[in-house]
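Before any comments, here is the structure.
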Amino acid sequence: MGYKVAVAGATGNVGREMLNILSEREFPADEVIALASRKSLGTEVSYGDTTLKTKDLDTYDFKGTDIALFAIGSGPTKEYGPKAAKAGAVVIDNSSLYRYEPDIPLIVPEVNPDAVEMFRNRNIIANPNCSTAQMVVALKPLHDRARIRRVVVATYQSVSGAGKEGMDELWNQTKGLYVPGREVAPKKFQKQIAFNVIPHIDVFLDDGATKEEWKMVVETKKIVDPKIKVHATCVRVPVFVGHSEAINIEFEEPLSADEAREILREAPGVMVLDKREAGGYATPLDCVGEYATYVSRIREDPTIDNGLSIWVVSDNLRKGAALNAVQIAESMLEQNLLKTAA
């Protein structure tokens, strides 16, 4: 017997991907409910070989629902998340609303699965930021071996991280540049994204960092180790799907590139593609639709003691969001933390 699973935000990029992954991974669900806002009521979405009609999130009764996957943003989650949790559903939330609350677990199953049991505090589990998720999957096995002291990361984040509006803006701007009079002005992004890169994701903070950069710092500390120092520069690039990261790591103990490569080959959720030849590395196009976090360009940094640099690529709609949420639910089953399905 399976579980009753609700997906809130089922018509969005991440919500649709959650439905795809639930089906692909054959999550033991007897019933899957697609939830959306009233304006999307009745919209059809795919779940495996079947089609679901969305139901109204505003009127849905979560009583009897075992798991509620939320992909609706912080504002609506603040309203509907506690209602679902109070009704008995375990809420796995993709927004940033609960990530930084000390009594709510922030989970990447390959990294800190034991923390899942903290869900009992409020019946809520937080999904990390997309750029953090793939980074910590690569960092954790290296940290276990040589203890990471400091991380400097530059991200190359796809427009799908900004939702359908971001993808549409890249598409329409790119086409418009080739048709006189059909140019598309920036709306979702601060500057033209077509044929450009923008070193600005989320709002600026007082210290000059953006909130996206702050998220990577705080979340890495919460998920992996509070002692790790992190400095991030987050950049939006004209790629539809797939985030990339250039990560420089300083360890407390010596760790060669060869040993790091072998550790990562054995690490859960990691795929090493690291041939020192043309094309012997992962790019965003290689990771689209894949579960793995790809690691390439593993090399020693001779400018610091115990330094390594790595290149990390992942499908941000999957490991950065939907896949991680489903893996959290799977981790709960593996640890017998969900009540037995009726």
Q | Every residue from segment 261-280 that is hydrophobic (A, V, I, L, M, F, W, C) and farther than 25 Å from residue 318 by Cα | A | 278
Q. Restricting to segment 273-322, what's the tally of residues that are under 21 Å from residue 234 (Cβ atoms) and out of contact with any strand residue (DSSP E or B) (no Cβ under 9 Å at 6 or more places or on another chain)?
A. 5
Q. Does residue 284 meet the test of being over 18 Å from the mean Cα position of the chain (by Cα) and not aromatic (Phe, Trp, Tyr)?
A. no
Q.
Please determine whether any residue of segment 40-63 is surrounded by 17 or more Cβ atoms within 10 Å (Cβ to Cβ) and of a type in the set (Asp, Glu).
A. no
(Q) Considering only segment 9-16, I want to know if a residue exists there that is outside any loop (DSSP other than H, G, I, E, B), open to solvent by less than 60 Å² (accessible area, probe 1.4 Å) and under 15 Å from residue 90 (Cβ atoms). (A) no
Q: Kindly provide the set of residues from segment 191-211 that are assigned to a loop (DSSP other than H, G, I, E, B) and open to solvent by 90 Å² or more (accessible area, probe 1.4 Å), ordered by number.
A: 191, 195, 206, 207
Q) Does segment 29-54 hold any residues that are of a type in the set (D, E, K, R) and either assigned to a helix (DSSP H, G or I) or within 19 Å of residue 93 (Cβ to Cβ) (or both), and which are they? A) 38, 39
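Looking only at residues in segment 1-53 that are among the hydroxyl-bearing types (Ser, Thr, Tyr) and touching a strand residue (DSSP E or B) at 6+ places or on another chain (Cβ under 7 Å), which one is farthest from residue 240 (Cα to Cα)? Full working, then the answer.
Pass one, segment 1-53, residues among the hydroxyl-bearing types (Ser, Thr, Tyr): 3, 11, 23, 37, 40, 43, 46-47, 50-51.
Then keep just the ones that are touching a strand residue (DSSP E or B) at 6+ places or on another chain (Cβ under 7 Å); that gives 3, 11, 23, 43, 47, 51.
Working: 3: 34, 11: 18, 23: 24, 43: 24, 47: 23, 51: 26 Å.
It comes out as 3.
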Q. Are there any helices (runs of 4 or more DSSP H) wholly within segment 64-178 with 3 or more residues that are touching a helix residue (DSSP H, G or I) at 6+ places or on another chain (Cβ under 9 Å) and open to solvent by 10 Å² or more (accessible area, probe 1.4 Å), and if so which?
A. 130-146, 163-176
**Q.** Residue under evaluation residue 214, criteria (1) in contact with a helix residue (DSSP H, G or I) (Cβ under 7 Å, 6 or more places away or on another chain); (2) modelled with pLDDT of 95 or more, criterion not met
**A.** (1)
Q) Does residue 36 satisfy the condition of being within 18 Å of the chain's Cα centre (by Cα), at pLDDT 95 or above, open to solvent by less than 50 Å² (accessible area, probe 1.4 Å) and not hydroxyl-bearing (Ser, Thr, Tyr)? A) no
Q) Of the residues in segment 212-233, how many are closer than 19 Å to residue 127 by Cα and either of a type in the set (D, E, K, R) or crowded, with 22+ Cβ neighbours inside 10 Å (or both)? A) 11
Q) Can you name the condition, by its number, that residue 26 falls short on among (1) open to solvent by 60 Å² or more (accessible area, probe 1.4 Å); (2) in contact with a helix residue (DSSP H, G or I) (Cβ under 9 Å, 6 or more places away or on another chain); (3) assigned to a loop (DSSP other than H, G, I, E, B)? A) (2)
Q: Looking only at segment 191-223, count how many residues are of a type in the set (A, V, I, L, M) and within 16 Å of the chain's Cα centre (by Cα).
A: 5
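The values are calculated or read from the model by the stated rules, or taken from the named source; none is laboratory data. Values in this document were obtained by computation on a predicted structure and should not be read as measured data. Here the Cβ is made from the backbone with ideal geometry for all residues, glycine too, and neighbour counts use every protein chain on show. Note: accessible area is taken over every heavy atom of the protein model, side chains too, but ligands, DNA and RNA are not part of it. Shrake-Rupley method; radii C 1.70, N 1.55, O 1.52, S 1.80 Å.
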